[in-house]
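Engineer: Once you've had a glance at the structure underneath, I'll fire off some questions.
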Amino acid sequence: MNQTHAARHPGAEAIADKGWLLANKWLLARRSSQLAILLLFLLGPWFGIWLIKGNLSASLILETVPLTDPYILLQSLFAGHSLESTAIIGGLIVIAFYMLLGGRTYCSWVCPVNIITDSAQWLRDHFKITGASSLSRNTRYWILGATLILALVTGSISWELVNPVSMLHRGLIFGMGLAWFVILAVFLLDLLVSRRAWCSHLCPVGAFYGLLGTHSLIRIRADARDQCDDCMDCFKVCPEQQVIRPALKGHMKGSAEIIGPVITSQNCTNCGRCIDVCAKDVFHFGLRTNNIVNNTTNSKNISKQLNHSSGVEVL
Amino acid sequence: MKTQPTSAPRSAALNSRRKFLLDSARAGGAATLLALGIGLYSRQSVSLPASAIRPPGALDEEDFLGACVRCGLCVRDCPFDTLKLATFGDRVTTGTPYFTARDIPCEMCDDIPCVKACPTGALDHALENIDDARMGLAVLIDEENCLNFQGLRCDVCYRVCPVIDKAITLEMKHNTRSGSHALFIPTVHSDHCTGCGKCERSCVLEDTAIRILPFELAKGELGHHYRWGWKEKEKAGKSLVAPDVEHQYNLPPGQSYDLQGEGLIIKDNASDASPFGTNPLDTLNKNALYERRDARGTQE
């Protein structure tokens, strides 16, 4: 890796070029969204203003519109419970929303654990704590499968006993109890054990929402990828670094075919941090249209080639 | 293989396949470990502590844990702050709703808002009349301390019962301690008690003598082949067993014995004719005769 780039703070150039506010606008928007959603839920218990009741597992907006977490509904189905219509309608609304906006938008714009793990990552960068995960990023799908099998075997929604995502959100609204220890564990895992361990390797909630948004409409595009000066800032800040390369470098020499410029991976969380830190404004939010996609075997070959050609290990 | 590919790409392919398999095995192993841990934990958490009562209409505990999404909407719609969500570390399954009767009992709202609020049916929407709720069963568990059992007239549990005179009645018993007073025993009837816990809440003792218990702790079960004779008799309109053979009592002349309640009957007109002779020895000898006969009877 280039020495000058490694020593530099990612996004410094963008701040110099665009100003601090513009170079952090999506991060600020994301934090605002996370906190606003939390505040909406807290308006009731704190101030008696009941715009929305419940928590991320299931809620009711203005006493009329139900929302339900489709992942927990799926577990409930596996546990052998036939659902009521309210839960199903709520689930369908949520499914439609994330199929449109990107499944893992949930992770970066809604989920309260994101603030915890982003903080851990920030400290990790700040104190230069290294150590890559030896666990595959696919572990989350195994865990996702395991939670469903667990529901089937135990007949109860067992994953909810330990799920830090719902535990934190529910805890903040209804009372944490000892749940802080679970959250602390996630924080320490991401801080000390391995980079982005929870959100990008283990969390089955994110894996589920990722699958939900496989074909989502809203995507990050690298339309101005010709402007890329290989500063690597986007790679450094991206929680799912593997998703950028095909879109950003899919037109480079060495690729068998030209692909991109849309980040099509279901694991992209639509966090927009790459947009923020790019001084060249390579990235922007857009639709998944006008994208060159190869058939699966070809794109697999290409990504394999890209992995070999770029020579940068970014786990 | 006929067309041998060049060795470098082949070993690269082998390596990537090996890496894939290894990665999968590790991921699968990690997931299995996690699942095993959670699975064992979930087996333990199925047992709800007896003091934690589920909201009205809650499915059986095992089904409930597969249906409840831990959203807390029932808690929000409970007007009396009775319900709360268990937090991590509680003995109740994390995130699920329950109440503690001694703290805040269920007020048995007519419109059952908690059940209506449940999006998944973990609280059964078929429950329309709160009197049909069976959250648990009140059990007068400490007869040694219950004031009514000592012959005092506390009656508080009986008075506060929302299903008074059906779920709890006062049953009059003889007070053997004083010999001349009555005990009014609060008696719970499982076919009417909803388990709301108002009796437990209002018991005047330092710690309550009447508690809501889960049905499996509160109820016994009759042997399946058992039949209550008097009920069968009522159903059939007649006794289903042959009437008792008239028992022959060896009583002195002028006396008889009624098994059905009257006991020993001494005929008035026979009062003159005393069963006992004037000679005390006769009585003694007669008693000795009875004893010998009784001893023979037991030997047989």
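None of the figures in this text is laboratory data; all of them are computed from the coordinates on show. Keep in mind that what you see is a predicted model, and the values were worked out from it rather than measured. Glycine gets a Cβ as well: all are built from the backbone with ideal geometry, and neighbour counts include every protein chain shown.
Engineer: Helix-only mean residue ellipticity at 222 nm, chain B, DSSP H runs n ≥ 4 weighted -39,500 (n - 2.57), per residue, nearest 500. What is it? Walk me through the numbers before you get to the answer.
Structural biologist: Working: 9 runs with 98 residues, N = 300.
Mean residue ellipticity, 222 nm, calculated: -10000 deg cm²/dmol.
Engineer: So how far, in whole Å, is the C-alpha centre of region A:158-227 from the one of region A:71-133?
Structural biologist: So the two Cα centres are separated by 6 Å.
Engineer: Choose one answer from A:L144, A:L172, A:L202: the residue with the largest mean-square fluctuation in a GNM of chain A with alpha-carbon springs under 10 Å.
Structural biologist: Of A:L144, A:L172, A:L202, the most mobile in the Gaussian network model is A:L172.
Engineer: Per-residue mean of other chain beta-carbon atoms within 10 angstrom of the beta-carbon, peptide B:114-127?
Structural biologist: Average neighbour count from other chains, rounded to a whole number: 4.
Engineer: Taking chain A as a Gaussian network, where each spring joins two C-alpha atoms under 10 Å apart, which residue of A:L150, A:L92, A:L83 fluctuates the most?
Structural biologist: In the Gaussian network model the winner is A:L83.
Engineer: Normalise the Cα radius of gyration of chain B by 2.2 N^0.38 Å (N = residues in it) and let me know the number.
Structural biologist: Expressed relative to 2.2 N^0.38 Å, the Cα Rg reads 1.80.
Engineer: Next question, about the same structure. Please tell me the relative contact order of chain B in percent, rounded to the nearest whole number, where contacts are Cα pairs under 8 Å and at least six residues apart. List each step's numbers first, then the result.
Structural biologist: Working: 393 pairs, mean separation 39.8, N = 300.
Relative contact order here is 13 percent.
Engineer: While we're on this one: For labels at B:E246 and A:L22 in the simple 7 Å Cα→Cβ model, what's the distance in nm?
Structural biologist: 11.8 nm
Engineer: If we count GluC sites (Glu not before Pro) as exposed when they sit in a DSSP loop and have at most 16 other beta carbons within 10 Å, what is the longest stretch of chain A that avoids them all? All intermediate terms of the calculation are to be shown ahead of the outcome.
Structural biologist: Values: sites that count: A:E63, A:E257, A:E313.
Segment A:64-256 is the longest.
Engineer: Would you mind telling me which residue in A:V205, A:V94, A:V293 has the biggest mean-square fluctuation in a Gaussian network model of chain A, where springs connect alpha carbons within a distance under 10 angstrom?
Structural biologist: A:V293
Engineer: Starting from the exponent 0.38 and prefactor 2.2 Å, build the expected Rg for region B:127-238 from its residue count and divide its actual Cα Rg by it.
Structural biologist: So region B:127-238 has a normalised radius of gyration of 1.22.
Engineer: Arranged by the count of other C-beta atoms within 10 angstrom, fewest first, what order do B:C74, A:C228 take?
Structural biologist: Ascending Cβ contact count within 10 Å gives the list A:C228, B:C74.
Engineer: Shifting gears a bit: Order by neighbour count: A:T269, A:T86, B:T32, A:T117, fewest other Cβ atoms within 10 Å first, most last.
Structural biologist: Exposure proxy ranking, most exposed first: B:T32, A:T86, A:T117, A:T269.
Engineer: Helix-only mean residue ellipticity at 222 nm, chain A, DSSP H runs n ≥ 4 weighted -39,500 (n - 2.57), per residue, nearest 500. What is it?
Structural biologist: So the helix-based figure for chain A works out to -14500 deg cm²/dmol.
Engineer: Once amide H atoms are built 1.01 Å from N in the peptide plane, which residues 5 or more positions from B:V139, or in another chain, come under 5 Å H to H?
Structural biologist: It is B:R211, B:I212, B:L213, by chain and number.
Engineer: May I ask you to derive the relative contact order of region A:184-287, considering only C-alpha pairs under 8 Å and at least 6 residues apart, and to give it as an integer percent? It would help to have the intermediate numbers written out before the result.
Structural biologist: On the way: 133 pairs, mean separation 36.7, N = 104.
Answer for region A:184-287 is 35 percent.
Engineer: Here is a follow-up. Quick one: the Cα spread of region B:64-202 along its three principal axes, in angstroms, biggest first?
Structural biologist: 58, 33, 24
Engineer: For B:I210, what is the net charge nearby, where nearby means another residue's Cβ is under 9 Å from its Cβ and Lys, Arg count +1, Asp, Glu -1?
Structural biologist: Surrounding charge for B:I210 is -1.
Engineer: What's the exposure ranking of A:R30, A:R124, A:R170, going from fewest to most Cβ atoms within 10 Å?
Structural biologist: A:R124, A:R30, A:R170
Engineer: Mean 1/r over all different Cα pairs, inverted: what Kirkwood radius does region A:1-107 give, in Å?
Structural biologist: Mean inverse Cα-Cα distance, inverted, gives 16.9 Å.
Engineer: Against the longest principal axis of chain B, how steep is helix B:280-299, in degrees 0 to 90 to the nearest 10, with axes from Cα atoms?
Structural biologist: Computed tilt is about 30 degrees.
Engineer: So, one more: Go through A:K53/B:K84; A:K53/B:K198; A:K25/A:K53; A:K128/A:K249; A:K25/A:K236 and tell me which ones have a Cα-Cα distance over 26 Å in this structure.
Structural biologist: As for pairs spanning more than 26 Å Cα to Cα, those are A:K53/B:K198; A:K25/A:K53; A:K128/A:K249.
Engineer: I'm checking a number: the convex hull volume of the Cα atoms of the protein assembly as shown, normalised per residue, in Å³. What is it?
Structural biologist: Enclosed volume per residue, from the Cα hull, is 282 Å³.
Engineer: Enter the mean number of other protein chain beta carbons within 10 Å of the beta carbon of each residue in B:19-26, as an integer.
Structural biologist: Average per residue, whole number: 3.
Engineer: Could you calculate, for chain A, the ratio of the Cα radius of gyration to the Kirkwood radius, expressed as Rg to Rh?
Structural biologist: Rg/Rh: 0.97.
Engineer: How shielded is A:72-81 by partner chains, expressed as the average number of their Cβ atoms within 10 Å of its Cβ atoms? Before the final figure, lay out the partial values.
Structural biologist: Details: counts 5, 3, 0, 2, 8, 1, 1, 5, 4, 11.
For this peptide, the per-residue mean of nearby foreign Cβ atoms is 4.
Engineer: Continuing with this model, one more query. What FRET efficiency comes out for the pair B:H225/B:L33, r = Cβ-Cβ distance, R0 = 51 Å, nearest 0.05?
Structural biologist: Numbers: r = 49 Å, r/R0 = 0.96.
In this case the efficiency is close to 0.55.
Engineer: Rg over Rh of region A:169-241, using C-alpha atoms and the Kirkwood radius, what does it come to?
Structural biologist: Values: Rg = 16.9 Å, Rh = 15.4 Å.
When Rh is taken as the Kirkwood radius, the ratio is 1.10.
Engineer: Follow-up. Show me the helices of chain A, taken as full DSSP H stretches, that run 15 Å or more along their long axis by Cα and average 0.5 or above in Kyte-Doolittle hydropathy. Working shown, then result.
Structural biologist: Values: long enough: A:25-47 (30 Å, 0.97); A:85-101 (24 Å, 2.25); A:113-126 (19 Å, -0.38); A:139-154 (22 Å, 1.42); A:296-310 (21 Å, -1.42).
Once both thresholds are applied, what remains is A:25-47, A:85-101, A:139-154.
Engineer: What relative contact order, as a whole-number percentage, does chain A give when Cα pairs under 8 Å and 6 or more residues apart are counted?
Structural biologist: 23 percent
Engineer: Can you list, bin by bin at 10 Å, the percent of alpha carbon pairs in region A:62-182, starting at 0?
Structural biologist: 11, 31, 41, 14, 3, 0
Engineer: Sort B:186-194, A:43-51, B:247-255 by the packing proxy (mean of other Cβ within 10 Å over each peptide's residues), most packed first.
Structural biologist: Put in order of decreasing packing, that is B:186-194, A:43-51, B:247-255.
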